[in-house]
Each structure stands twice: as C-alpha cells, then as structure tokens.
Protein chains: 6
Amino acid sequence: MKNRILHLKPVAYSDLNAEILAHLNKYKSDNTEIEIRNLSCGPSHLEYLYYQAVAEVEILREIRQAERDGFAAAMIGCFDDPGLFTAREISQDLLVTAAAESSVFLAATLGDRFSVIVGRDKWIPQMRDLICRYGLRDKLASFRSIGLGVLELQQDKQETADRIRREIENAIVLDKAEVIILGCTMQYGFFEILQEEYQIPIIDAMLANLKYTEHLLEVKQKTGWTFSRRGMYERPPDQEMADWSLI
Amino acid sequence: MKNRILHLKPVAYSDLNAEILAHLNKYKSDNTEIEIRNLSCGPSHLEYLYYQAVAEVEILREIRQAERDGFAAAMIGCFDDPGLFTAREISQDLLVTAAAESSVFLAATLGDRFSVIVGRDKWIPQMRDLICRYGLRDKLASFRSIGLGVLELQQDKQETADRIRREIENAIVLDKAEVIILGCTMQYGFFEILQEEYQIPIIDAMLANLKYTEHLLEVKQKTGWTFSRRGMYERPPDQEMADWSLI
Amino acid sequence: MKNRILHLKPVAYSDLNAEILAHLNKYKSDNTEIEIRNLSCGPSHLEYLYYQAVAEVEILREIRQAERDGFAAAMIGCFDDPGLFTAREISQDLLVTAAAESSVFLAATLGDRFSVIVGRDKWIPQMRDLICRYGLRDKLASFRSIGLGVLELQQDKQETADRIRREIENAIVLDKAEVIILGCTMQYGFFEILQEEYQIPIIDAMLANLKYTEHLLEVKQKTGWTFSRRGMYERPPDQEMADWSLI
Amino acid sequence: MKNRILHLKPVAYSDLNAEILAHLNKYKSDNTEIEIRNLSCGPSHLEYLYYQAVAEVEILREIRQAERDGFAAAMIGCFDDPGLFTAREISQDLLVTAAAESSVFLAATLGDRFSVIVGRDKWIPQMRDLICRYGLRDKLASFRSIGLGVLELQQDKQETADRIRREIENAIVLDKAEVIILGCTMQYGFFEILQEEYQIPIIDAMLANLKYTEHLLEVKQKTGWTFSRRGMYERPPDQEMADWSLI
Amino acid sequence: MKNRILHLKPVAYSDLNAEILAHLNKYKSDNTEIEIRNLSCGPSHLEYLYYQAVAEVEILREIRQAERDGFAAAMIGCFDDPGLFTAREISQDLLVTAAAESSVFLAATLGDRFSVIVGRDKWIPQMRDLICRYGLRDKLASFRSIGLGVLELQQDKQETADRIRREIENAIVLDKAEVIILGCTMQYGFFEILQEEYQIPIIDAMLANLKYTEHLLEVKQKTGWTFSRRGMYERPPDQEMADWSLI
Amino acid sequence: MKNRILHLKPVAYSDLNAEILAHLNKYKSDNTEIEIRNLSCGPSHLEYLYYQAVAEVEILREIRQAERDGFAAAMIGCFDDPGLFTAREISQDLLVTAAAESSVFLAATLGDRFSVIVGRDKWIPQMRDLICRYGLRDKLASFRSIGLGVLELQQDKQETADRIRREIENAIVLDKAEVIILGCTMQYGFFEILQEEYQIPIIDAMLANLKYTEHLLEVKQKTGWTFSRRGMYERPPDQEMADWSLI
C-alpha cells in the first residue's frame, strides 16, 4: 500500500497546484502518492510574520483534517516552516515535515557549508533563527538575496534565474559555499539547469522536503523512530483541547 | 498626559484580572495608566505550542484593537512571548513588549548569569530558543523546573513557594546563578519574600515587563528610538493586508 | 533493479557477520540488497585512534573495491565514522555513509536534544569533535558512558542493557534528552525493548545508517544531489594517484 | 524628589562640559537632575588601554565621592565602559552604568542585529570583548571604522558626519544591520539628523546611557532589583579596604 | 648572556618572596635569571576587581621600571592576569606575560579539556571571561571552587591539599577533565604530589608562566615574532604620554 | 645533553631535506639537535584527505621508529597535522607535535585575531575544523587562499611571495587580522622579508613547530607536564597491539 502524502501549500490560492503536483510527482518514489491542498482563506504569500501567524491557524486546521483523512504524512510547503513544531505537537500518527528543515539537514551532509538564496533581505533574520533552532548555525556559509518577492519568482523566469546565478557565484567565490539551497519553495523548477551549470548540489526546497518525508516515513514504519513525545513535542491533553473547543 | 499601557493577558479567562491589575499598579510609575484585557476566546494557559498558535491570532486582534484605542503600549503577559515579533511587525505607533524579553535583558545586566525557574520541563526547549533569539545564550546559567503547570502556580501558594525555593537554591549552588527569573507571569506575587530571603534579584516577569515597557516608551518619546523597520520588523503593505482582509 | 549496499564492518573478524546481516535485512527497504564484508586484517575494535588509522587504509581499500564491484553505496559500520570523509573524497559513483553522521542527523530532527550512550569515557572527546564537525553541537544534551569496551557489549546482554537503562534515565532526567542514540554499532539489538520501555526514540546506529543510506541513494537517483565536489570532497586527480601508486 | 545623576566624563578636561550637560538635559526625564564632572587629572581620551587603566583609578575615586555626595546614580561617559564592573563592585547605594552596556542592550531589542561605528580599528578588539561579556555576540552585525580619533570627532563635524554616513550605509547594505550604534560618546549630537536620513534607530551612546540609568533607578526604587551581590559584584570587606587604605 | 626575567608579585607584601623565588629557580632553564619584586603599596590579594584596579596602576609602574632596568621579560604573578594587555600595550622591548594565559594555552594542548581549581566562587565570572578572551572557551571543562581565600591557601597546607583533591576528583569524574589547572599562583607548591597521585597534568600557574615566558623570549630572539603592534597592542604615542605626564 | 628532535617530512621525497634542515638549524636553540626524515613511500603532498590517510600509517611507523631510536621529540611537518593525535596516543616517551597546532597557539597569544594564508580553497574546511578542535575558533579572523598547490609554492618564489602579499593585505584591511600564519610548511623561507614589510608577526609554520617542540620538551623535563593519558590520549594496551600485530 502506498504512502499518502499531503503537500500543503500554506497560502490561499490554487493556481499553481497542478504544476506543483506535477513537479512533485516527477521526483517522488514509487511508494508515494501525493495530494495537494491549499488554504481556503488567508494570505497569498508568507513573507511577513503576520501572514504566517494567520496562516498557521489554517495550516493546523488542515493538518488535523489530514490526520482525519488518513494521510501518512503532510508537508508544509514554505521555507519559513510555518507551524511545523506546532503541527508535530498536535499530530498523532500523521508525520509532519517542512521545506527548510528538510533542506538544511540534507545540505549539511552534502558538503562543508551551504548558502541559502532568498528573495528579500527581510526573510533573513527569521531564517537564520530557524537554522539555529535546527542546530546548524556552523554549517551556514551565508544568505544571499536576489531582491524579488515570492510572487515575482515565477513571473519572469529568465530574470529570476539570472539573479539566482549571480548570487550562487557570490556564494561560491566569496562565502566558500559548497552546496546551495534555493530558500523558497517558489524557486521550484530552477535547480536542474543550475546544477548542470555549477556542478554542485542546488537544493530545490520542495523536493528536498518530499524526499525527507519519504525517508522519515520509511524510518518510522521500519523502526518506530518518530518525533519524541518527551519535551518539545509533548502533546496537549485531548480532554483539555476538547474543553476549550480546540479540536 | 499619562502613558496608557495595556496589559494583555493572552488567555481566555478574567478571574484574576483585578488581582493582576492591582499587582501592576503597585509598581507602576506615576506617568503610567494601566488597563487589563484578556482574550475573548481561546485556551486558559499557553503551555503548548498549539495553544500559543491559537492565542496568537487573538493576541494580534487585541494588539490591533489596542492601536485603534490609542494605547501607547501593550504588554503580552506570558513568558513565551507569544506573538511578540509579529505584533511589533504589524503595529504602527503602538509599542509592544512581552514578559521574557523584558526579564532576560534586565537579568543580564544585574549579574553574571541568571537561572530561570519554570513550571515544567516541557517549557524549556522553547524558552531556550527564545533566549538564544534574544542573543543571551551565554548569560543563561540554567533552567530549573518545579513540576507544576501554569494553572497550579497560584493554587497552593505555600507549596509553590517551597518548590521555587528548592530550585533557587540549586540554581545558586550548582549553577552559580547570580540572578533568578521566575519564568512564568503566573509566578507573580512571590518575588518580594524570596528576594528578602536570598538577597539576590528575583525577577517577577510581569513587573519586569512593566518597567521595561515604561522605559522603551520614555526612550521612544525622547529620542525617537523604537523598533527598526528595516528587516525583521518591516511592516506588511497596508494595501496587501486590506486586499486579503487581514486588517 | 535493487540498490546493492555494502555494510562494511571495519574490523578484522567475521564472527558476527551473519547476525549483523540478519539484523540489517530485518529493517531494510524492499529496494535494498545488502552484503556484508569485514576487513581482512587489522584490529578487532576501533576504540583507539591508532586502530582507526590502521583500519582506515583497509577501509579505503574496501571502498575502492566496492566501487569496482558495482555497489551503489557503502556503509562504514562504526560510530567513529572512520574514513568517512576520505572515502567520500575518493569515491566516484559509490555513495558512502557511516553510523554517527546518520544517527545524529536523524536524532536532531526527532526532538530538541539528544544524548549519546557510549561504552567508555575515552570515546567522548573524539565523538564530541565529530558532532561539532557535523554542525550539531547545539543539539547534543550529553554523553553518558556505561563503562564497557566494544567487545564486551554483546557478551552479557542483560548487564549491557541494564547499564544502558541507567544512563538513559540519567540522560532523560538530568540532561533533558528527548532522543537517545546508542553510540556504538555494537549496541545493536537493544533498541526495540528500550524504546518500548522509555517511549522515546532510541536510535540503533547501524539501522540509522542503513535508512540514511537508502535515503541518500533515493535522493541521488531522483535529483542528482550528492556530495559536492567543490572544496571538502574535491577528488584527487586520477593521474596523480596513479603516479604515486595509490589507486 | 528628583534623582540626582552624575555624568562622569572620564577624561581630564572640562571644555565641553556645558555643551554635554545641555545635550543630556535636553533628553532627560522630568524626574532627573544631572550634574557633570570630569577627572581632575589623567588623559584627555581613552583610546589606549593604558589611558583607561590610569583613568580607572580616578573614575573609582569619583564614584566613591559621588556616593558620599548622595547621588542616586553615576554614568561613566565612555563607550569602553572603563571601570564599570569595578565601580559596581565597590558602590553601595549608588547605581553605576556606562555607555556601551546601555547602548548594546537597547540596540539588541530594537532590531535583529546592530553595527557599531567606531573611530579607529584599534578600538575594535576591546569592544568586541566587551559585547561578548555582555552576552550579545550573536546580535553584533559588524564594527565599522571611520578613521578618526576621539579628539577629532567634534572638530570638523561635516567630515565626521560624512564618514559616519558612509559606514552606516556599508553596515546596512553589506552587514544587514537594522540598528546603528555610534560607538563613542564623543559622537554625540549626530544621531537625530542621521536617524532622519536612514529611518532606522541611530543610537547616541551618551543618551542611551542616560535613559538606561533612569530605567535602572526606577526599577530599583520600585522593586528592589539591582546588581546582585553574589559572585561578580560581591563587595570587598570594609575592614579590609580600610586596613589597606583603599577607602 | 642570560635572560633577566622579573617575577612581579602584584601585591604589597614581601614575606613569601624568598620562598617563591626558590620555587621558580628550581624549575627555570639555565638561560634564565629571575628577580622578584612586589608592589610598594596596594592590597595584599586581588580577589576583588577594585583591588585589581588599584594594583594595575602599580603594576604598570613596575613594568615601566622593569623596562628601564633592562629586563628581558616580566611575569605578572596572578591568575587574574591583572594589567596584562595594558602592560603589553605600553611596553617596548620588555616582553610581558601572566599566569592565566600561560596556563590555559599549555593546558589546552595537553588534553581534550581542562578544569580550573579556584579558591572562591567569586573568582569564576572574571576568569571565565578571561578564558573566553583567550579564545579557549571550548576547552574549559569546568571551574571547581575549594572555598578558601587567597591568603588562606598557604596557611593549612594539608587542608588546602585535601580540598584541592576533592575538586580534582569531581573535575575528573563529573566534568571529564583531562588536565587540571591550579587557578591561583598562591596554590604553588602542590602540583608535584597531586600529579603523582592522579597521573594527569596538574598545572602550577606560576611555573607555567615561567616556562611560557622563556618560550616567548626564545621565539622573539630567534624569529622576531612578538606581540603585534597592529590593533589590540598598538602603543600610545610617546609625545601624548609625555604631554599628559603618563610616562 | 642535547635534545634530539626529528623533523618528519610526511611525504615521500627527499629533495628538499638538506634545505629544510638548514632552515630549521638556523632557528633552533643551542640545546637542540635536529634530524630530518621523510616517508619511504606514499604521496608527495597531502592536499587530499586520501593522501593524508595513506601517509598517516607511514607517519605512525616513523613515529614508532623515532621512539625506538631514542628521539626526545618528533615534529610532523605539515599544516594539516596528519596523525598528530594518533601519534600522541601511541607514543610513550616521545613527544609529538605538528605545524598547525604549534602555529595557532602562538598566533593566538601574539594579537587579537590571526588569518591563515593557504594554497587552495580545498584546504579550508579541514583546517577550520582543526582550529576548532584546538579550541581557537574565536581567534580566527579568516582564511585567505593564494591559488597555488603545495608543490608550486617553492617553484616561482617571486610569484608565491606576491600572491601572499596580496592576501596578507586583504587579511589586515578586510579581516582585521593582527597576526598572519603562512598555513603550509612549504611556505617556509618567506616570513622574514614579509615581516619586515608588514611589521606584524608572520608565522612560518615549520619554525613555530620547532620552537613549540623545544618549549614542550623543556616543560616536560622540568615539571613532568606532558600529554594527559586520561581520555583523548589514553594509550592502547601493549598486549592488544601485539596480539593484532600492530606494534
């Protein structure tokens, strides 16, 4: 039986769903079946903390729904990993992952240090904090910003690719990066040509998330290793959630 | 004219409001006028990430309301600082603070290293991350847990005080703490007697928050120094928030 | 076609090979085919740097042989990861992994902080350095030593398990570990019962290595992401190796 | 009754005293009364460790005098914070602060990371150490030097301002600073115009010190929280100081 | 021609001078000639920052005198390294060293991590800062305090030795220290018997200082490598010091 | 009686032995007698991990031979310090040192921060790890690469010197380095002229190694302080090594 995995696009529009699903399906393992959903309301991008806070409640609603719908795993498709820790806290059998955590752990193993290509400087403080929380501050060579917002990334693909190229080169030459992460799920679709050009791993965050999810599912199914319920991911008591109408 | 400051109790009950307001009023400066509000719906404590996520949206609603109501500042009354960065991002003239940030910066200056007395081990990972985000990891001597949930802290005050005493002593002797933070706003009311006993600063997080808020208001009014709008606290565009019904 | 993976036991005895192979086969994915080999000469354990240095040359010989024999991947079965970086440097299509790196990246994602149960204090400095090299120093709660050498770990299993239990409890209570790594491949076979007892992830390093290897193979095959050849893993020139009879 | 605060100019000249006092008075709170004093002998700037060592003894003499004269607080007006820890150690009721500590704690809260504009490269190692001692190394984006000595800073104000502008821009663009500290009290008087131009907080160290001092006084008077006497600030025994003629 | 080295006892009594000189002479190299001097006024121990500040001016006077007297080097005989950086800044040909720096660099090379046995908890914050300034925070296993002031250390030698023994054992067993530093020059005379007992290096800080001084002198004389005059140790201009009567 | 020190050139050619020996003899102390040896087989440079692994076994063979031949110390003449920790582990009376450790500890004391001039970017990750293991990450200003392989460094000396000059200037101006290390033993012979030009310490790694070795020998002979046998350098049991034909 295949593993049903939900790709949760944590924004409130569906235009690119088919394209994204096709992208994911191209790289999935045979054992995986992917479904894509987006939020029913909320912002269209998550460049601001406020948008993430609003989206997080919707994300958690979708996570709870995914659990009821019997998914094996859910992927939160944004490099800010909005709601990731919370989703793990409240989920039961559902395994939850997100784009940044998946990407940085992979990048950390593939070379000495990695750089992250972001859209705008605004994103950097939060992402740097995130990488510190994942414990990988010593593996981070640099952030490099291309000066484009999330919604511009797929508009003029040539322009986006050229800006990414310039910062990849800066990351390699100036920051001694050995691995590059495209630090926004909306930079999907660029990695193959860039990887061909630069001959170093160029991580597509959405795909890194997919492969990491498949890996953690396999690990869980074979060995029982999954998120510890002691400490950080201790789950709230069902009764209390029910009493407060939170479930 | 006095500074109107809102103490936002980020939980959905009002029982202790009068008692907390009296506690705050006892320590406020002459120039301050405090009002207390709580959430209209949501959880009664924030020990879980999920409860914080749900509360955050309500907190942000209250923050926006406080801005409209002409408050000079709003204090988020929880040591997890839920929604603090987000509230600063979306606020305009309203100055927003929270309990942990206020306490750790104060503790950092009063001695070499500080320990934080928490209710349960579950709280520690998040709070450690928070202290790292504030840049103060090197000033943290230890966390010490007393094994009580938030809602138990004010029930048997003798028991709570005795457990706090035991961990203060461990923090001083074993961890060489020179300053103690009572790491939950619901540990209010204990600091004076403990400070008398141990003769070192015992920080009441709610009061540290009050004094820090008054300080940042004074700074802002005299010098114009307030939260930078470049990077972390760049505000979302009004038009975008309006388009997405987020304002 | 299945992925042929070599489990390289980096010591010079074969007694436990069948048992270890059975252990690995029990947890492998359908797509994996495992073969086990040991060194033809050298030490029987790697508790000393000297033994590791001697073994490393043999390990590299086996890695080169594995490449010629068409394996897709090779796992170095020791928690000191002897020769790992070097093996990656000289390998071409062969993907090389080892026990510690695989375990710590997995543990890092499953909870806030992990502890490593080692045999003897002697091992700690090297392993701490290793975890720092992998970038995960902030995720390490503690090392806990049970006072047994590698060759004693499988002798009196009851005694070994009891000593591990004592240190798991110390790690949980005193060091706030949320995940435990059994920090020697020769602690294989203990994790399931301990995991049942403590209800937190207890990582068997040999199995973590297997699952991580399968993951990196899948990633490489689907996306082309594999070890960067820029910097740390730049490969020596073939001609130079030939000139110096190193190939 | 007003709080009498001493601004101690830790150098041996009085030329600018009236100007500095006027600057401070412009930003003080109503409850504050400021007096300014300088050293009676010693160097005219503190760019060298030697000058600081010589000045420190004079500073401590003035601190003891300030205590006898009934001041509530004393501010050491130099960004090297000369004698700060020592002054706190020997003072009794007098609350002692200094320019750097006050500035960095404020800057740390106002944005993700701050840069410090210094006069000469020579100052950087000591100031970096100081920021590490305050626990804020992770909040420091960079030091940027303008190539002017302390005594040149107020000579050609246009030139000084232009050099500061150039380094503020470098700090913002290259180092992603969100807050700027003018890292010498003798850079006073520049912040308002620069803040207007760059629209981010530009901290005047002398004023940050004033507001921080008022804050710590208010905190002490309302809650009793002041410097811990356990550990770092344990005071020498009076008898011993008397025996050795140190008091 | 022999190297004349001054051992500067940075306290104002001479009782133990002969004993200390004999101790040093026992371990010096053939090429070394040691003279001992103490301060003419000031405190008798340096456990407080205030005593160090007062002593520092006297130390610098002695350093300048030593330079005029043609010494090759001067050793500051206290584990707080009072005035070390300043003395290097103002000295010309005189090479200045101190006890802590000498000890920690030596200990860092002799094993994985070292512990420092101090007299009282009060000393720890300053010494921890010092070790951080020397760049060796990652090599520090722990501080362990024996509860005796400086002037008590040589009074009841049996008692002192027994207390040191207890903390050496704690450092070895609990903190995994591989090397011990006796963190006060007044713990001289104990290392040989303890080293015999514990079979690990027990560093006598006064002797470590002597051997390090001889080493740096030899290095300077053979290669010209000595303290960089760029940055931290840039020397104040002679004319300025003369103008301000500081020389 | 003089101390016999072996300079072990850890590569398999002897061409430069006489020149290197002359270089060392020029700077040695009177009490030292140097002999030079190279590996009988293996690579001619150690720029790759693989070459180091192959060489390490030969190095250890030479170390054991040096012990039998009665040397007091052996120096491993490569800035990657290949086999250093292992050689210390298995040696008995022989004291073993290497170029990088010797250089970085010396540089750390001579100024605030040091930069390392390397041949190629490839070297940096390993050397950065090494400096972290020595505990000195906070003292490292930067690596600067001149784009030449080891075997090219002595070919066109003018070209090599010019490239080093350019990076020394970058290190001083951009990275605020106060001390420079020439990070390859094959950069020998350049330091004096560069030191004359730049007036800051320019460390020749081979000579730093020599002086450090003489220092550690003197320390050991006078005080008995040498590498701790507890933990990292615990020696393998003789019987076990004999059983496994490793001795």
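General observations
- Test result for C:GLU167, crowded, with 19+ Cβ neighbours inside 10 Å and closer than 30 Å to F:GLU240 by Cβ: yes
- Only listed residue being outside the structural domain of D:ALA18 (by TED's automatic domain parsing) and without any contact (Cβ under 8 Å) to a residue 60 or more places away in the chain, chosen from D:GLN199, D:GLN187: D:GLN199
- Applying the condition of being in a helix (DSSP H, G or I) and of a type in the set (Asp, Glu) to the range D:187-209 and asking which residue is surrounded by the fewest Cβ atoms within 10 Å (Cβ to Cβ) yields D:GLU196.
- Qualifying residue in the range D:42-54 (condition: of a type outside the set (D, E, K, R) and under 20 Å from D:GLU214 (Cβ atoms)): no
- Filter result for D:GLU58 (more than 24 Å from D:ALA107 (Cβ to Cβ), of a type in the set (D, E, K, R) and in contact with a Lys or Arg (Cβ under 8 Å, 6 or more places away or on another chain)): no
- Residues in the range D:133-167 that are within 14 Å of chain B (Cβ to nearest Cβ) and not in a strand (DSSP E or B): D:ARG133, D:TYR134, D:GLY135, D:LEU136, D:ARG137, D:ASP138, D:LYS139.
- Test result for C:LEU49, in contact (Cβ under 8 Å) with a residue 40 or more places away in the chain and away from chain F (no Cβ under 14 Å): no
- Complete set of residues in the range C:217-239 that are outside any loop (DSSP other than H, G, I, E, B) and either outside the structural domain of C:ASP30 (by TED's automatic domain parsing) or buried (at least 24 other Cβ atoms within 10 Å of the Cβ) (or both): C:VAL219
- Among the residues of the range F:85-98, those identified as more than 10 Å from chain C (Cβ to nearest Cβ) and touching a Leu at 6+ places or on another chain (Cβ under 9 Å) are F:LEU94, F:LEU95, F:VAL96, F:THR97, F:ALA98.
- Scanning the range B:68-110 for residues that are free of Cβ contacts under 8 Å to residues at least 24 places away in the same chain and closer than 19 Å to B:VAL54 by Cβ yields a single hit, B:LEU84.
- Looking only at residues of the range D:23-52 that are out of contact with any Asp or Glu (no Cβ under 8 Å at 6 or more places or on another chain) and among the hydroxyl-bearing types (Ser, Thr, Tyr), we find that the one that is surrounded by the fewest Cβ atoms within 10 Å (Cβ to Cβ) is D:SER44.
- All positions within the range E:218-243 that are more than 8 Å from chain F (Cβ to nearest Cβ) and either touching a Phe, Trp or Tyr at 6+ places or on another chain (Cβ under 6 Å) or under 16 Å from F:LEU216 (Cβ atoms) (or both): E:PRO236
- Among the residues making up the range D:43-61, those that are over 16 Å from the mean Cα position of the chain (by Cα) and within 17 Å of D:GLU89 (Cα to Cα) are D:ALA53, D:VAL57, D:GLU58, D:ARG61.
- Here E:PHE143, E:PHE191 are screened, and the one residue that is closer than 25 Å to F:LYS222 by Cα and aromatic (Phe, Trp, Tyr) is E:PHE191.
- Here the range E:108-132 is the region considered, the condition is being in contact with a Pro (Cβ under 9 Å, 6 or more places away or on another chain) and within 7 Å of another protein chain (Cβ to nearest Cβ), and the residue that is surrounded by the fewest Cβ atoms within 10 Å (Cβ to Cβ) is E:LEU110.
- Meets criteria (within 22 Å of B:GLY149 (Cα to Cα) and at pLDDT 95 or above) for B:ALA66: no
- Test: residue in the range A:52-59 that is away from chain B (no Cβ under 14 Å) and of a type in the set (S, T, N, Q): no
- Yes/no for D:GLU192 being under 19 Å from the mean Cα position of the chain (by Cα) and either within 14 Å of another protein chain (Cβ to nearest Cβ) or on the phi < 0 side of the Ramachandran plot (or both): yes
- Summed over the range B:94-107, residues that are assigned to a strand (DSSP E or B) and buried (at least 24 other Cβ atoms within 10 Å of the Cβ) total 3.
- Condition met for F:ILE20 (at pLDDT 95 or above, surrounded by 21 or more Cβ atoms within 10 Å (Cβ to Cβ), in contact with a Ser or Thr (Cβ under 9 Å, 6 or more places away or on another chain) and away from chain C (no Cβ under 13 Å)): yes
The values are calculated or read from the model by the stated rules, or taken from the named source; none is laboratory data. Computed from a prediction, not measured in an experiment: that's the story for all the values here. Please note: Cβ atoms are built from the backbone with ideal geometry, for glycine as well, and neighbour counts cover all protein chains shown.
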